[in-house]
Each structure stands twice: as C-alpha cells, then as structure tokens.
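Read through the structure below, which is laid out as structure tokens, and then see the notes.
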Amino acid sequence: DGIIVKTRSGVCTRQVGESYTLSGIGLPRPGDVMRVWTPTATSGLPAASATVLSAAGPASAPTVSFAEPLDGIACDATSLWANDNLTGPGFRIADSTIASRRFGVLCMARDGVIEHNAFVDNPAAAVLLINDDDYDDPKEARMGWMPRNVTIVHNAFVNNSRCATDPWHTGTAPSLLGVVATAVVGPHAGQPAPFRRLTYRGVRRVTVADNRFDGWFRGLAISVGNAASAAVRDNTIANPPTSSSGVPLGAAVAVCEADGVAIDGNALVGRWSSVAAAVSVDARS
C-alpha cells in the first residue's frame, strides 16, 4: 500500500466493580459514548455501548465508570474499546504522486485531509476509507475507529482500480471496488475470508470535492457506503470503463447503506443514458 493511516482502539487492563481501567484510548470526557467491540463476533457490530459517567487518572490508563452497566463484557484482550466521541490525532496527505500501489491510501483514522495528490494506476482503490483491515487476526484487529471528518480535495485520479477486489480486504463486498470508496466491514465465516460488508453507518462527515477522475477500470469512481453526512461535490468524472459500443459499464457514483449524502455540481463526462444511470442510490439509502 502507498500510505496507511490508522488510529487504534484500546483494551481493558483492570476492572474493579463497575470501574474499568482502559489503555490506549486517551482520557474520555463525561458524556462520551464508548463502544466495545469483539473482533471475532460474526455480526461485526458493537458488543456494547455505554456513556462515560466519570474518568480519572493519566490519559495513558484512565479509570472509567459508566452510566449504564456493561453486562457480559470481559475485561481482557478479547474486547476492543473505542471512544466514539474522541477525535483522532489528525493527518494530512498532500502534494504527492502515489502510483502502482495496491491501495493508494488505506485510511482507518479521523480528522484529516487528502489534497493536491496524483493517484496513478493503483490496482485497487486509490483511496479506501474503512474501519479495519486485520479481521483475519484478532490479535491485530483494531475495530472501532471509523473514518470521520475526512476531506478529499483537489486530487487527480488517473487509471486506477485495474485489478479485481483483494479478498483479504474486501471479501464478499465487491462494492468496495472503486477509485474512492468508504465502507464498514466485519468478519466473514465463509470464503473468501475474512470480510463482509455490514449495514452499520459508521463512516461520517466525508467530503470528496474538486477532484478529477480520468479513467478507471473496475467498479465506480466514487462509492459512498456505510456512511452518514457525506458530500460529493464539484468533481469531474471522465473516461469510465465502457462496453465495445462506448456505453459505460456502470454508474460513476454509488450510494449504498448511507444517509445524508449530498451529490451536486459534478461534471460527468460519458455516455450514460440518464443521471440515474450515472449516479446509483440503493433503496436502503
């Protein structure tokens, strides 16, 4: 991969009554919502959620109590904890050429900008915003940090998504294949292991604006999946994959399992028969 941006979740190291000592999550604030994940759970959804009542001690190992009981949650390494209100450390990927990598940018973090880059001939997605890439190994899994507050602006995307979907990152979710894509995935018991697409709309506040997409080979130019509050604006999308007669093989932009998505001001250059053919919105969005 060209660049991986990843914010990790934490673990519980000690429990006394209804108080939990957590490592790796920083110091939460009263009112924050904590999610507890079990990476091997087949649902791929939070095992529990609770509101922080109080937190004390160092940021490296705060002791936290909650307004609701966390029944059935083990204080051990099998559960991963993430503060759903905590922002990430921030990141900026800019002024670079990222070419011929599996993924150009594999982003599992928050509060960042990807701007003024050239993404050229990356075999899979040029930019994939996803929650986790290590479900096949629970010791490595860091489920819980959903990409949020990410802006993708003023980039050039040229001839990406040449190859078929990588099953170790997308499994039974072929809709992840696109030049820019967002998704939430979870464990998958069958083949190809280990991922499947979930319905959880955990990717939030993503903006894809003022970019140029000049040719791609498979899937979509922009795939907005498992998201809420996203915007696709003022992009130029040209030279889609076509049939022998020059008709595009599919949509340029697709919305799947998402809410609050604004798509406007984009220039779609191709022989789509209608706006509905160029911009696909599933019935659950």
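The values are calculated or read from the model by the stated rules, or taken from the named source; none is laboratory data. From a predicted model like this one, the values you see are computed outputs, not experimental measurements. Counting neighbours? That spans all protein chains shown, and the Cβs are built from the backbone with ideal geometry, glycine included. Each accessible area value is taken on the protein alone, full model and side chains, heavy atoms only, with ligands, DNA and RNA left out. Shrake-Rupley method; radii C 1.70, N 1.55, O 1.52, S 1.80 Å.
Taking the stretch 110-136 as the range and being of a type in the set (D, E, K, R), over 17 Å from residue 91 (Cα atoms), modelled with pLDDT under 90 and open to solvent by less than 50 Å² (accessible area, probe 1.4 Å) as the test, the residues that pass are 132, 133, 134. Within the stretch 1-28, being among the charged types (D, E, K, R) and either under 30 Å from residue 121 (Cα atoms) or part of a loop (DSSP other than H, G, I, E, B) (or both) holds for 1, 6, 8, 18.
Pairs are defined by a Cβ separation below 6 Å, a sequence spacing of at least 6 or placement on different chains, a first member in the stretch 22-35 that is acidic (Asp, Glu), and a second member that is surrounded by fewer than 18 Cβ atoms within 10 Å (Cβ to Cβ); the pairs so defined are 32/85. Are any of the residues in the stretch 49-56 assigned to a loop (DSSP other than H, G, I, E, B) and within 28 Å of the chain's Cα centre (by Cα)? Within the stretch 49-56, none of the residues are assigned to a loop (DSSP other than H, G, I, E, B) and within 28 Å of the chain's Cα centre (by Cα).
Residues are listed down the side, and each one gets a yes or a no for (1) buried (at least 17 other Cβ atoms within 10 Å of the Cβ); (2) within 20 Å of residue 202 (Cβ to Cβ); (3) modelled with pLDDT under 95; (4) not acidic (Asp, Glu):
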site: 227; (1), (2), (3), (4): yes, yes, yes, yes
site: 243; (1), (2), (3), (4): no, no, yes, yes
site: 256; (1), (2), (3), (4): yes, yes, yes, yes
site: 267; (1), (2), (3), (4): no, no, no, yes
site: 282; (1), (2), (3), (4): no, yes, yes, no
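Against the numbered list (1) open to solvent by 60 Å² or more (accessible area, probe 1.4 Å); (2) closer than 20 Å to residue 162 by Cα; (3) in contact (Cβ under 8 Å) with a residue 12 or more places away in the chain, residue 249 comes up short only at (3). Return yes or no: is residue 97 touching a residue at least 24 places away in the same chain (Cβ under 8 Å) and not aliphatic (A, V, I, L, M)? For residue 97, the condition - touching a residue at least 24 places away in the same chain (Cβ under 8 Å) and not aliphatic (A, V, I, L, M) - is not met.
Scan the stretch 67-104 for residues that are open to solvent by less than 20 Å² (accessible area, probe 1.4 Å) and touching a Phe, Trp or Tyr at 6+ places or on another chain (Cβ under 8 Å) and the total you get is 8.
Yes/no per residue for (1) at pLDDT below 85; (2) part of a loop (DSSP other than H, G, I, E, B); (3) at negative phi:
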position	(1), (2), (3)
44	yes, yes, no
59	no, yes, yes
68	no, yes, yes
74	yes, yes, yes
87	yes, yes, yes
93	no, no, yes
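What about residue 31, is it in a loop (DSSP other than H, G, I, E, B), within 30 Å of residue 129 (Cβ to Cβ) and more than 21 Å from the chain's Cα centre (by Cα)? Yes: the conditions hold for residue 31.
Residue by residue, here is whether (1) open to solvent by 40 Å² or more (accessible area, probe 1.4 Å); (2) modelled with pLDDT of 85 or more holds:
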position: 3; (1), (2): yes, yes
position: 8; (1), (2): yes, no
position: 24; (1), (2): yes, no
position: 29; (1), (2): yes, yes
position: 34; (1), (2): no, yes
position: 37; (1), (2): no, no
position: 55; (1), (2): no, yes
